[in-house]
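The values are calculated or read from the model by the stated rules, or taken from the named source; none is laboratory data. Bear in mind that the values here come from a model prediction, so they are computed numbers and not experimental data. Cβ: placed from backbone, ideal geometry, glycine included. Neighbour counts: every protein chain shown.
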Amino acid sequence: MIKKLFVLFIIALVGLPAASFAQTTPAAAPQILLTWKSSSYAPADFGGKIMPTSNSLITASAELIDNGKIADVSKQNVYWYQDNNFIDGGIGKQRISFSAPGVFGGSISLRVEFPNYSKGGQLKTVDVRIVKPEAVIESSLPSGKFSSSPLKLTAIPYFFNTDSPAHLNFAWNINGQSPTGAENPQILNVKFGQDMQTQSTMAISLSVQNTDKRYEFETASTNAILTYSP
């Protein structure tokens, strides 16, 4: 009798609808995709994030993702803030452009809000660093040693508030003297005589200044010590 009841109990379980054991997965909360880019200059082959410097134009945009899809917020209020100060906003204002602070160093806090979304107000904040422009002396010299003439060096500028290196002044210095007659100011060709002694050193310095903006004097400099090793 007990065995018969057990068999009937198993049959009853098997016959229950699968929905009786299903668990409901909670819907994911809405998320904001906030992106930004800077108008600062960087070489075309630069693979990193182009950072803004003083007064650089920053363009930001935001999308609201709900249940894995881009939500239609074209009729929603969108508000933008920099360091808690209102920048811009309005119906469907998902994209804005504004200028970075007039000094480099530190960062700004950029926030976007969708206050009236149907599933509750949504906001997202990101920090944006404001950097100093950089200058790099590029060469193919292993360990800073050279053995043939002429010696070719290239000036590579990063993060200046300009759209072209044509608006930058490149000033080179070799062992305390300024070279002249360069056709391309970004490239330095150094010729040295046959009397160069092994382990002789050559001090190279580079300064880059932005001339694109009348009242802006962004500069960057770097140095290199090169050793003659035939």
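For a quick check of your reading of the model, give me the residue pairs whose first member lies in the stretch 95-108 and is within 16 Å of E218 (Cα to Cα), whose second is charged (D, E, K, R), with beta-carbon atoms closer than 7 Å and at least 6 apart or on different chains. Short answer, once both residue conditions are applied: F104/K132; G105/K132. If only residues of the stretch 188-230 that are in a loop (DSSP other than H, G, I, E, B) and in contact with a His (Cβ under 7 Å, 6 or more places away or on another chain) are counted, the one that is nearest to G144 (Cα to Cα) is T211. Based on this model, can you work out whether K132 counts as outside any strand (DSSP E or B) and either of a type in the set (K, R) or in the same structural domain as I91 (by TED's automatic domain parsing) (or both)? Against the criterion (outside any strand (DSSP E or B) and either of a type in the set (K, R) or in the same structural domain as I91 (by TED's automatic domain parsing) (or both)), K132 qualifies.
Checked against (1) outside any loop (DSSP other than H, G, I, E, B); (2) surrounded by fewer than 13 Cβ atoms within 10 Å (Cβ to Cβ); (3) not aliphatic (A, V, I, L, M), N173 passes all but a single condition, namely (2). Residues that are touching a residue at least 12 places away in the same chain (Cβ under 8 Å) and touching an Asp or Glu at 6+ places or on another chain (Cβ under 6 Å) within the stretch 52-83 comprise Y79, W80, listed in sequence order. When restricted to residues that are of a type in the set (S, T, N, Q) and either closer than 30 Å to N189 by Cβ or surrounded by 15 or more Cβ atoms within 10 Å (Cβ to Cβ) (or both), the stretch 108-142 contains 3.
Filter the stretch 43-66 for residues that are among the charged types (D, E, K, R) and part of a loop (DSSP other than H, G, I, E, B); which is modelled with the lowest pLDDT? Filtering first and then ranking leaves D45. Within the stretch 109-124, residues that are without any contact (Cβ under 8 Å) to a residue 12 or more places away in the chain reach no partner that is part of a loop (DSSP other than H, G, I, E, B) and small (G, A, S) with beta carbons closer than 6 Å at six or more positions or on different chains.
In the stretch 67-90, of all residues being among the charged types (D, E, K, R) and assigned to a strand (DSSP E or B), the one that is nearest to A28 (Cα to Cα) corresponds to K69.
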